[in-house]
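K.L.:
Encoded as structure tokens, here's the structure I'll be asking about.
The values are calculated or read from the model by the stated rules, or taken from the named source; none is laboratory data. Just so it is clear, the structure is predicted and the values come from calculations on it, not from any experiment. Don't worry about glycine lacking a Cβ; one is built from the backbone with ideal geometry, like all the others, and counts go over all protein chains shown.
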Amino acid sequence: MNEYDDIRVLLERYLSPMIARPMLQKALRERNLTPERFKDGDAYKISPLLQRGINLFVAEFDRDRALRELSELCERSHPDAESCQIRIDSENDISVVRNEARRICEEVGAGSYTIQKVTTIVSELARNIVSYASRGVLEIEPITGQGKRIILRATDSGPGIPNLELVLSGRYRSKTGLGRGLLGTKRLADHFDVATGTGGTRIVAEVLL
């Protein structure tokens, strides 16, 4: 059996075929997959959708075991996603980094809400680099072992962020919009850190998977 069959058998172990098969087909459609195109490693892409279905339809006394088996199945065949670094020099790079962030999130099986958070954060970080530092680098690093998360690092050699504490408090008002993207990033991230000075700025944001 291939990985698709393994998932189908797993679901039908805990659910009737009348529920399990439509659940699996719906998950495939949402990730633009078909049984014929499904390959080893794709289980991660549909795992969050199947987890939602298991939480809804599997009896409570079986739920934890079903979720654990699904997680173990995904771990066995999922290839390690690689991190990437993207130079940010212009507005065009904002869409590039956003697309790369989405691709990596999908590779590690992130849910739609997580993907939205990550792509919003990289867009804001890249836009800040273009607007206030002219150029910089944005790194996207997926962590797929224990403590699954996406780490986003934005580095530039610009003039630094003035009034950083005030900006992060939400009380800073600027006609240019300075600070809004940074504050939004902080609110979206599960972990956030920034170091800034006259030699540049380094921002690290983490989003849990």
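K.L.:
Could you tell me whether S47 is surrounded by 14 or more Cβ atoms within 10 Å (Cβ to Cβ) and polar (S, T, N, Q)?
P.N.:
Taking the combined requirement at face value, the residue satisfies it.
K.L.:
Separate question: Any chance the stretch 115-135 includes a residue that's charged (D, E, K, R), under 30 Å from L73 (Cα atoms) and at pLDDT 95 or above? Full working, then the answer.
P.N.:
Quick first cut of the stretch 115-135, residues charged (D, E, K, R) only: 117, 124, 127, 135.
From what's left, under 30 Å from L73 (Cα atoms): 117.
Next, from what is left, pick out any that are at pLDDT 95 or above: 117.
Yes, the conditions are met somewhere in the stretch 115-135.
K.L.:
Right, next: Please determine, by comparing only the residues of the stretch 1-36 that are without any contact (Cβ under 8 Å) to a residue 24 or more places away in the chain, more than 13 Å from L50 (Cβ to Cβ) and not in a helix (DSSP H, G or I), which one is farthest from the chain's Cα centre (by Cα).
P.N.:
If we take residues in the stretch 1-36 being without any contact (Cβ under 8 Å) to a residue 24 or more places away in the chain, more than 13 Å from L50 (Cβ to Cβ) and not in a helix (DSSP H, G or I), then S16 is farthest from the chain's Cα centre (by Cα).
K.L.:
Have a look at A101, A110, A81 and point out the one that is in contact with a helix residue (DSSP H, G or I) (Cβ under 9 Å, 6 or more places away or on another chain), without any contact (Cβ under 8 Å) to a residue 60 or more places away in the chain and of a type outside the set (F, W, Y). Lay out the reasoning, then the answer.
P.N.:
Details: A110 fails: without any contact (Cβ under 8 Å) to a residue 60 or more places away in the chain; A81 fails: without any contact (Cβ under 8 Å) to a residue 60 or more places away in the chain.
From the options A101, A110, A81, the qualifying one is A101.
K.L.:
Another question, then. Exactly one condition in (1) assigned by TED's automatic domain parsing to the domain that holds M18; (2) modelled with pLDDT under 90; (3) charged (D, E, K, R) is false for D62; which is it?
P.N.:
Just one mismatch for D62, condition (2).
K.L.:
Yes or no: the stretch 80-99 includes at least one residue that is crowded, with 20+ Cβ neighbours inside 10 Å, hydrophobic (A, V, I, L, M, F, W, C), outside the structural domain of T120 (by TED's automatic domain parsing) and in a helix (DSSP H, G or I).
P.N.:
No, every residue in the stretch 80-99 fails to be crowded, with 20+ Cβ neighbours inside 10 Å, hydrophobic (A, V, I, L, M, F, W, C), outside the structural domain of T120 (by TED's automatic domain parsing) and in a helix (DSSP H, G or I).
K.L.:
Follow-up question, since we're still on this one. Checking R135 against (1) in contact with a strand residue (DSSP E or B) (Cβ under 8 Å, 6 or more places away or on another chain); (2) closer than 28 Å to E30 by Cα; (3) without any contact (Cβ under 8 Å) to a residue 60 or more places away in the chain; (4) not aliphatic (A, V, I, L, M), only one condition comes out false. Which one?
P.N.:
(2)
K.L.:
Only residues that are surrounded by fewer than 17 Cβ atoms within 10 Å (Cβ to Cβ) and aromatic (F, W, Y): list them for the stretch 103-155, please.
P.N.:
Correct list: Y113 only.
K.L.:
Name the pairs whose Cβ atoms lie under 8 Å apart, with the first residue in the stretch 46-63 and of a type outside the set (A, V, I, L, M, F, W, C), the second not in a helix (DSSP H, G or I), and 6 or more positions between them or separate chains?
P.N.:
If the second residue must be not in a helix (DSSP H, G or I), the pairs left are S47/G109; P48/G109; P48/A110; P48/G111.
K.L.:
Please enumerate the residues belonging to the stretch 96-126 that are within 17 Å of R153 (Cβ to Cβ), over 9 Å from the mean Cα position of the chain (by Cα) and polar (S, T, N, Q).
P.N.:
Hits for the stretch 96-126 are T120, S123.
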